[in-house]
Amino acid sequence: MREDQKRYSEMTKEELQREIAVLAEKARKAEQMGMVNEYAVYERKMAMAKAYMLNPADFR
């Protein structure tokens with residue numbers, strides 16, 4: 001992991017929203033270029049980032 005990169009668990013809600021926007025743009029570009037595997041990776045990363053925005057108390 002690069003030094004300038006945080007774990008999703010260390011990010012604020014705003015940082016997670018920015019990360020999701022960046023990943024969505026990368027996924028869109030990968031899809032346009034026909035890079036199916038790369039698109040799938042970005043989709044999974046977006047799902048993980050969105051999961052960190054959920055409130056754990058809602059699942060108890």
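Just so it is clear, none of the values below were taken in a lab; they were calculated from the coordinates. Computed from a predicted structure; not experimentally measured. A quick note on method: Cβ atoms are made from the backbone with ideal geometry, for glycine too, and the neighbour counts reach across all protein chains shown.
Cross-link reach is defined here as a Cα-Cα straight distance under 22 Å, omitting same-chain residues fewer than 8 places apart; for Lys6 the lysines meeting it are Lys26, Lys45, Lys50. Secondary-structure-derived ellipticity at 222 nm for the chain, considering helices only, amounts to -20500 deg cm²/dmol, per-run term -39500 (n - 2.57) for DSSP H runs with n ≥ 4. The fraction of all Cα pairs in the chain landing in successive 5 Å bins from 0 to the largest distance is 4, 19, 23, 21, 17, 10, 5, 1, 0, given as whole percents. Evaluated with a Cβ-only charge set (Lys, Arg +1; Asp, Glu -1), the chain carries a dipole of roughly 120 debye about its Cα centre, given to the nearest 20.
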